[in-house]
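The structure appears right after this line, and notes come after that.
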Amino acid sequence: VDVFQAWCGPCKPVVNLFQKIRNEVGSNLLHFAVAEVDSIDALEKYSGQCEPVFLFYTGGELVAVVRGADAPLLQKTILKQL
């Protein structure tokens with residue numbers, strides 16, 4: 001989940017990375033979503049941050065968090081979680 005605030009928007013460059021990985025591993029294993037902090041009370045703790053935050057869930061449980069648009073770290077985290 002790409003967690004963002006309305007004033008800076010979702011991290012668009014990372015969408016391409018997720019699509020590339022999703023094509024490589026299969027569409028049933030990886031799902032990408034965006035969520036606006038100000039619209040979801042449960043994400044309030046991520047409010048006021050100027051860098052994107054990526055939350056990784058498996059079976060409804062938060063399993064990893066990556067702060068910032070670090071493409072190599074995001075790819076490593078995605079592949080590790082898969």
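The values are calculated or read from the model by the stated rules, or taken from the named source; none is laboratory data. Just so it is clear, the structure is predicted and the values come from calculations on it, not from any experiment. Each accessible area value is taken on the protein alone, full model and side chains, heavy atoms only, with ligands, DNA and RNA left out. Shrake-Rupley method; radii C 1.70, N 1.55, O 1.52, S 1.80 Å.
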ask   = What accessible area per residue, rounded to a whole number of Å², is obtained for the chain using a probe radius of 1.4 Å?
value = 64 Å²
ask   = If you average the sequence gap of Cα pairs under 8 Å that are 6 or more apart and divide by the length of the chain, what percent do you get for the contact order?
value = 33 percent
Cα Rg, Dmax (largest Cα-Cα span) when computed across the chain, Å = 12.3, 34
ask   = Which percent of the accessible heavy-atom area of the chain goes to carbon and sulfur, probe 1.4 angstrom?
value = 52 percent
